[in-house]
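Written below as structure tokens is the structure these notes are about.
The values are calculated or read from the model by the stated rules, or taken from the named source; none is laboratory data. The structure displayed is predicted, hence computed values, not measured ones. Backbone-built Cβ (ideal geometry, glycine too); neighbour counts: all protein chains shown.
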Amino acid sequence: MTTIVGVQYKNGFVLAADSQITDNDRPFISQDVPKIAQVGDYVLAGAGVSSYCDIILFRSEEHTSELQSH
């Protein structure tokens, strides 16, 4: 189970997530698999199947790059 916590304050926000991931039903700690990422002006947080989170993150990065190039 992933835990992601967000707190908004007057001039910003803080997001935090645990670093445990599960691969083939084996949980382990990984600093290489981000659960929170900044894409342009947005901050995304993901939980669940990491491949789905990767798709959303990478597609968002591509879309942001396209918007910035115009």
Legend entry - Selection status of Leu57, modelled with pLDDT under 75, more than 14 Å from the chain's Cα centre (by Cα) and aliphatic (A, V, I, L, M): no
Inset, instruction - Please enumerate the residues belonging to the range 10-29 that are exposed (fewer than 13 other Cβ atoms within 10 Å of the Cβ) and assigned to a loop (DSSP other than H, G, I, E, B). - result: Lys10, Asn11, Asn24, Asp25
Inset, instruction - Any residue in the range 29-51 that's without any contact (Cβ under 8 Å) to a residue 24 or more places away in the chain and farther than 15 Å from Leu15 by Cβ: show its pairings with residues that are of a type outside the set (Val, Ile, Thr) and surrounded by 13 or more Cβ atoms within 10 Å (Cβ to Cβ) at Cβ separation under 7 Å, as long as the two are six or more apart or on different chains. - result: Ile29/Ser19; Ile29/Gln20; Ser30/Ser19; Gln31/Ser19; Val33/Ser50
Inset, instruction - Within the range 1-17, count every residue that is among the aliphatic types (A, V, I, L, M) and more than 17 Å from Pro34 (Cβ to Cβ). - result: 2
